[in-house]
Amino acid sequence: MRRLAVLLMMMVWLSVPVVRAQSPQPLTRKQIMESADKNRDGKISRVEFLERMRDAFFFVDGNKDGFLSLEEYQRLPGADPKRFARADRNKDGKLSMDEFLKSISQDFDAADTNDDGVLEDEEVKAWIAH
Ligand SMILES: [Ca+2]
Ligand SMILES: [Ca+2]
Ligand SMILES: [Ca+2]
């Protein structure tokens with residue numbers, strides 16, 4: 001249940017250059033919301049979420065071949081080899097953008113408990129609390 005919190009930390013990590021240089025700090029819910037919520041409506045939409053994750057993909061794809069190797073994947077804070085294996089659907093040992101975003105999308109769905117396609121403050125809070 002901590003998976004989404006890790007993903008949200010990842011989003012903040014990518015959006016705040018200062019944080020990238022330091023060891024990861026515990027983030028407040030407010031910081032997470034402010035980082036991901038680009039249009040400032042107080043919610044994180046699926047589009048905002050996946051756009052952030054697409055940035056993350058390009059950022060860690062060091063050799064720019066359009067795939068994440070396990071080594072590249074592990075540059076993401078909180079990356080878990082088991083997660084990588086689950087996301088790698090065709091078992092070729094690397095993640096395509098499609099595999100990556102599908103896996104991320106499932107996390108979004110799990111966090112969106114009222115199924116309205118956006119993460120509200122309360123839903124983010126519930127996930128981080130786990
Ligand atoms: Ca790569
Ligand atoms: Ca694959
Ligand atoms: Ca929701």
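Data table
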read-out: Sparse-neighbour loop sites [trypsin sites (Lys or Arg not before Pro); the stretch 77-130; at most 16 other C-beta within 10 Å; DSSP]; value: 89, 91
read-out: Over the stretch 76-130, relative contact order from alpha-carbon pairs under 8 Å, at least 6 apart, %; value: 18
read-out: Calculated FRET value between residue 40 and residue 126, using beta carbons and R₀ = 22 Å, to 0.05; value: 0.55
read-out: Cα-centre dipole for the stretch 71-110 with unit charges at Cβ (Lys and Arg positive, Asp and Glu negative), debye to 20; value: 120
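A short reminder: the numbers here are calculations on the coordinates, not readings from a lab. In this text, all values refer to a predicted model and were calculated from it rather than measured experimentally. No Cβ is skipped: glycine too gets one built from the backbone with ideal geometry, and neighbour counts run over all protein chains shown.
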